[in-house]
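Rule-based calculations on the coordinates, nothing more; no lab input. Just so it is clear, the model here is predicted, and its values are computed rather than measured. No Cβ is skipped: glycine too gets one built from the backbone with ideal geometry, and neighbour counts run over all protein chains shown.
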Amino acid sequence: MGATGQGLSTDEVQSIREALAAGRKPKVVFTAAAGQIAGQVGQVVELTDPAVSDEFVVVRFGRDELPFSPADVAVAPRGAGRRVVEPKPEAEAGSEPVVAEPEFVLERVPVPEQSRGDESRGERREEPKVDVVEAKPAKRAVKAAKPKAPAGLTVTLQYAEGEWTVAAQQGSKSLAKPYVVKPAEALRMVALVDVPGVQEAVEQILGAERAEAEQQAERLRAELAEIEARLAELREAG
């Protein structure tokens, strides 16, 4: 079988993703970009995160499960991978079975001049040497298995609606949902990032929050003073 196709398109990758979600393992055929296994048929068992590696199509080929890029494989034609059993011709009645014979190579040994003279006198000369060469099947090279790289880890510090939150995610798996941290903790985290402008931006946000909190505290103290004065007047009246 020859390698066909120019790799998987975006729509075909989406179709394979839906088939895997439904519990099926679609068949694919290796293209010329896959190297010496071009034309062979395998089964897609997983699609990893394409943002982590270009080789996110995990294909089962024989006993191995190897990652490939969409350019290395194409959708297998219908019926691909099925083994066709060729009928064996029946032996004719009374005929003997055909036995494969080994290949013979005749190596001629030069006869010395003296031997030729002996031959002319009726003496026995050396017989030709016969060697038997056994045919060995050629080994087919298989693409070396590539180790699967671990998924990337992302830790996010976010400020929104007056709160600082931290979240962690590895690949498509969420390790920690966003949870609230104190402003001081957020400032310590940012101090570890040596990027100009990031720490200044965080300090500006904290300064704005501090100023707003002080204004709110002043308003509350003024309201409390008015309430206490009113309460004192009511006590004197009573």
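Of the chymotrypsin sites (Phe, Trp or Tyr not before Pro) found in the range 140-238, none is in coil by DSSP with at most 15 other Cβ atoms within 10 Å of its Cβ. Based on Cα contacts under 8 Å between residues 6+ apart, the range 10-75 shows a relative contact order of 29 percent.
Summary of packing: across the peptides 150-157, 58-65, the per-residue average of other C-beta atoms within 10 Å ranks them, highest first, as 58-65, 150-157. Shown in residue order for the range 62-69 are the 3J(HN,Hα) couplings computed by the Karplus curve 6.51 cos²θ - 1.76 cosθ + 1.60 at θ = phi - 60°: x, 9, 9, 10, 10, x, 9, 8 Hz (x for Gly and Pro). For the range 12-27, backbone phi angles converted through the Karplus equation (6.51, -1.76, 1.60; θ = phi - 60°) give residue-by-residue couplings of 5, 4, 5, 5, 5, 4, 5, 5, 5, 5, 8, x, 9, 10, x, 8 Hz, Gly and Pro being listed as x. Residues whose amide H lies under 5 Å from that of F61, counting only those 5 or more places away or on a different chain, are L66; hydrogens are built 1.01 Å from N in the peptide plane. A simple rule links phi to the HN-Hα coupling: the Karplus curve 6.51 cos²θ - 1.76 cosθ + 1.60 with θ = phi - 60°, which for the range 160-176 gives 7, 6, x, 10, 9, 10, 10, 9, 9, 8, 10, x, 9, 9, 7, 8, 8 Hz, with x for Gly and Pro. Residues whose amide H lies under 5 Å from that of V181, counting only those 5 or more places away or on a different chain, are W164, T165, V166; hydrogens are built 1.01 Å from N in the peptide plane.
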